[in-house]
Amino acid sequence: MKPLEQLLVVDFSQFLAGPSASLRLADLGARVIKIERPIGGDLCRQLYVSNLEVDGDSTLFHTINRNKESFAADLKKAEDREVVRDLVQRADVVIQNFRPGVMENLGFHYEAVREYNPRVVYGEVTGYGKSGPWRDKPGQDLLAQCLTGLPWLNGDDDQPPVPFGLAIADLFAGAHLVQGILACLVRRGITGAGGRVEVSLIESVLDFQFEVLTTHLNDGGLLPKRSAINNAHAYLGAPYGVYTTADGFLAIAMGSVSRLGELLHCPELLEFTDVKRYFTERDQIKAILAQHLATKTTAHWLSILEAADIWCSDVFTWPQLMEHEGFKVLDFVQEVSRREGVTVRTTRCPIRIDGEIYKSPRGAPSLGQHTSSILNDLHNSKQEPAE
């Protein structure tokens, strides 16, 4: 039995942050009913990654909405709102990520919902919170990254700000929302009271930077200084970085520079015995190391460094990764399908509980796929005699 079985989640959210949260709850056993517009549905259905589409929906939609049910409702119509209200009244968790004011206009904001479902755990994602000058700014991942200064940590010193090539603001916000929801569910189990969980993209990206922001807050307000050569962390000294070899790349994390000089037979590195120089002279050290590592293959250097317990690794492409036994043993890929035999290969839930890997063969729903069956369930529950 999965830990969240018997829990009902009604999910109004779209795009990535909210749906990524309900995806994880579904992975852990919850029943997730996705509320979608009858025409077009979740806008993520048409949010393409590399223009790849499967059965009329983007692969992104398939990825982030597997193992859910789709209920089509026009929330501008009173009769549809009434049906959705019945669902929300039965829900353990409600999730929404609309801009401030939207759910108030529809009548599904937290204050309204808790009047008829006081045990509900109500999760909200915004871009920048509900007050302040950014309140109505589009809650978009790239914008949230850039407002927090995050791109100034990536790339080399002579490059412009470099954002992450992933929707990290959305995905971290979704993960934080799950943490808050689960905390409230635990509290509800103790006290019987529900609650509201609020996260924002900007706060999630700020939290992602908590180590370096704490440094900035306590070092006199110095700005991050990226390495000019092979930067991998603006606040760490040499040898930290990714280096070109004769046939590929090699990642080296923290370690003794002079020890590297011994192991790699690079006498120019032997003089760097003072660890403070690893940061103050990191570009010089990295330049020496980069020139030296380019002379031989990745496998050659790994055979030396790994044997000496130096923190290092190859830099795989995805095909290399998936062919490696280290990846295969994780059993991390699963195949999901929707009706009529449409299948998608995707990743599984990364959480194991009691040693069990959680997979589900059920793919993302087609728009409104479960509307009729959910309506039947609601109708039948109203016909059941009260105990």
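The values are calculated or read from the model by the stated rules, or taken from the named source; none is laboratory data. Computed from a prediction, not measured in an experiment: that's the story for all the values here. When we count neighbours, we look across all protein chains shown, and the Cβ atoms used for this are built from the backbone with ideal geometry, even at glycine.
Can you confirm whether segment 156-167 contains a residue that is aliphatic (A, V, I, L, M), more than 14 Å from the chain's Cα centre (by Cα) and under 22 Å from ASN230 (Cα atoms)?
Yes, because at least one residue in segment 156-167 is aliphatic (A, V, I, L, M), more than 14 Å from the chain's Cα centre (by Cα) and under 22 Å from ASN230 (Cα atoms).
Give the number of residues within segment 5-50 that are in a strand (DSSP E or B) and either of a type in the set (D, E, K, R) or without any contact (Cβ under 8 Å) to a residue 60 or more places away in the chain (or both).
Residues meeting the conditions: 6.
If you go through segment 334-372 one residue at a time, how many are under 18 Å from VAL84 (Cα atoms), small (Gly, Ala, Ser) and touching a residue at least 40 places away in the same chain (Cβ under 8 Å)?
1
Give just the number: which of (1) in a loop (DSSP other than H, G, I, E, B); (2) without any contact (Cβ under 8 Å) to a residue 12 or more places away in the chain does SER303 not satisfy?
Single failed check for SER303: (1).
Would you mind stating whether GLY192 is of a type in the set (Gly, Ala, Ser), out of contact with any helix residue (DSSP H, G or I) (no Cβ under 8 Å at 6 or more places or on another chain) and under 30 Å from PRO3 (Cα atoms)?
Spelling it out, GLY192 is indeed of a type in the set (Gly, Ala, Ser), out of contact with any helix residue (DSSP H, G or I) (no Cβ under 8 Å at 6 or more places or on another chain) and under 30 Å from PRO3 (Cα atoms).
Yes/no per residue for (1) small (Gly, Ala, Ser); (2) over 30 Å from LYS225 (Cβ atoms):
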{"site": "ARG282", "(1), (2)": "no, no"}
{"site": "LEU289", "(1), (2)": "no, no"}
{"site": "LEU305", "(1), (2)": "no, no"}
{"site": "SER313", "(1), (2)": "yes, no"}
{"site": "THR317", "(1), (2)": "no, yes"}
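Given the criterion of a type in the set (A, V, I, L, M), more than 30 Å from VAL54 (Cβ to Cβ) and touching a helix residue (DSSP H, G or I) at 6+ places or on another chain (Cβ under 8 Å), identify the matching residue among LEU289, LEU321, LEU302.
Residue meeting the stated conditions: LEU289.
What number of residues within segment 260-281 satisfy the criterion of being surrounded by 15 or more Cβ atoms within 10 Å (Cβ to Cβ), touching a helix residue (DSSP H, G or I) at 6+ places or on another chain (Cβ under 9 Å) and assigned to a helix (DSSP H, G or I)?
6
Going by the structure shown, is GLY368 surrounded by 10 or more Cβ atoms within 10 Å (Cβ to Cβ), at pLDDT 95 or above and in contact with a Pro (Cβ under 7 Å, 6 or more places away or on another chain)?
yes
Among the candidates SER256, SER200, which residue alone is more than 26 Å from TRP301 (Cβ to Cβ) and hydroxyl-bearing (Ser, Thr, Tyr)?
Every option except SER200 fails the conditions.
Go through segment 51-80 residue by residue and tally those that are buried (at least 16 other Cβ atoms within 10 Å of the Cβ) and part of a helix (DSSP H, G or I).
Qualifying residue count, segment 51-80: 7.
Matching residues to (1) among the hydrophobic types (A, V, I, L, M, F, W, C); (2) in contact with a Gly (Cβ under 7 Å, 6 or more places away or on another chain); (3) in contact (Cβ under 8 Å) with a residue 40 or more places away in the chain; (4) under 23 Å from PRO350 (Cα atoms):
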| position | (1), (2), (3), (4) |
| --- | --- |
| ASP158 | no, no, yes, no |
| ALA167 | yes, no, yes, yes |
| ALA173 | yes, no, yes, yes |
| VAL178 | yes, no, yes, yes |
| THR191 | no, no, no, no |
| VAL205 | yes, no, yes, yes |
| PHE208 | yes, no, yes, yes |
| GLU211 | no, no, no, no |
| THR214 | no, no, no, no |
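Could you say whether any residue in segment 96-113 is touching a residue at least 40 places away in the same chain (Cβ under 8 Å), touching a helix residue (DSSP H, G or I) at 6+ places or on another chain (Cβ under 6 Å) and within 19 Å of GLY139 (Cβ to Cβ)?
yes
Show the residue pairs meeting these rules: Cβ distance below 6 Å; 6+ apart or different chains; first residue within segment 59-88 and within 18 Å of HIS370 (Cβ to Cβ); second residue hydroxyl-bearing (Ser, Thr, Tyr) and assigned to a loop (DSSP other than H, G, I, E, B).
ASN67/SER360
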